[in-house]
Amino acid sequence: MTGSGAVIAQVRVLVVEDDRNLGDEVAAGLRAAGFAVDLARHYADADLKIAVNSYDCLVVDRGLPDGDGLDLVRAQRESGQRTPVVMLTARDVLADRLDGFA
């Protein structure tokens with residue numbers, strides 16, 4: 001709250017990362033910067049969280065244990081969602097990285 005009693009809304013981010021250490025570090029860094037952060041470690045969990053929550057941004061890993069993060073983003077786009085996305089990937093093939101931009 002501010003001195004006037006107005007509530008300042010936090011930016012809400014969903015981090016989708018199956019690597020426990022990396023996911024925790026990304027989430028902690030975003031929280032330290034003042035963001036409200038939820039964390040999903042699987043495609044299915046992320047899909048459910050997106051269905052029931054409103055996010056201002058998604059941070060999505062490509063390689064999830066139960067699917068490709070890019071497919072998650074594609075499904076969101078096909079359903080009409082236009083939430084901004086930051087893709088994470090350890091893939092080094094140019095075509096894989098460019099797919100994330102498409």
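Residues whose amide H comes within less than 5 Å of that of residue 67, counting only those at least five positions distant or on another chain, are 43 (H built at 1.01 Å from N in the peptide plane). Within 9 Å, Cβ to Cβ, of residue 38, how many net charges do the neighbouring residues add up to if Lys/Arg are +1 and Asp/Glu are -1? Residues near residue 38 contribute +2 overall.
The residues 77, 41, sorted by heavy-atom accessible surface at 1.4 Å with ligands and nucleic acids left out, run 77, 41 from largest to smallest. Here the label points at residue 48 and residue 24, each 7 Å from Cα along the C-beta direction, are separated by 2.2 nm in the simple model.
Sequence-ordered 3J(HN,Hα) estimates for the stretch 67-75 from the Karplus curve with 6.51, -1.76 and 1.60 and θ = phi - 60° stand at x, 8, x, 5, 5, 4, 5, 4, 4 Hz, glycine and proline given as x. Charged side chains reduced to their Cβ positions (Lys and Arg at +1, Asp and Glu at -1) give the stretch 4-78 a dipole of some 320 debye around its Cα centre. Modelled label positions at residue 33 and residue 71, each set 7 Å beyond Cα in the direction of Cβ, lie 2.9 nm from each other.
Amide H contacts of residue 37: 13, each under 5 Å away and 5 or more positions distant or on a separate chain (H built 1.01 Å from N in the peptide plane; Pro and chain starts excluded). The H on the amide N of residue 88, modeled in the peptide plane, is under 5 Å from the matching H of 60, 61, 62, each at least 5 residues off or on a different chain.
The values are calculated or read from the model by the stated rules, or taken from the named source; none is laboratory data. Because the structure is predicted, anything quoted here is derived from the model rather than measured. Please note: Cβ atoms are built from the backbone with ideal geometry, for glycine as well, and neighbour counts cover all protein chains shown. The protein model used for the area step is the full one, side chains on, heavy atoms only, and it has no ligands, DNA or RNA in it. Shrake-Rupley method; radii C 1.70, N 1.55, O 1.52, S 1.80 Å.
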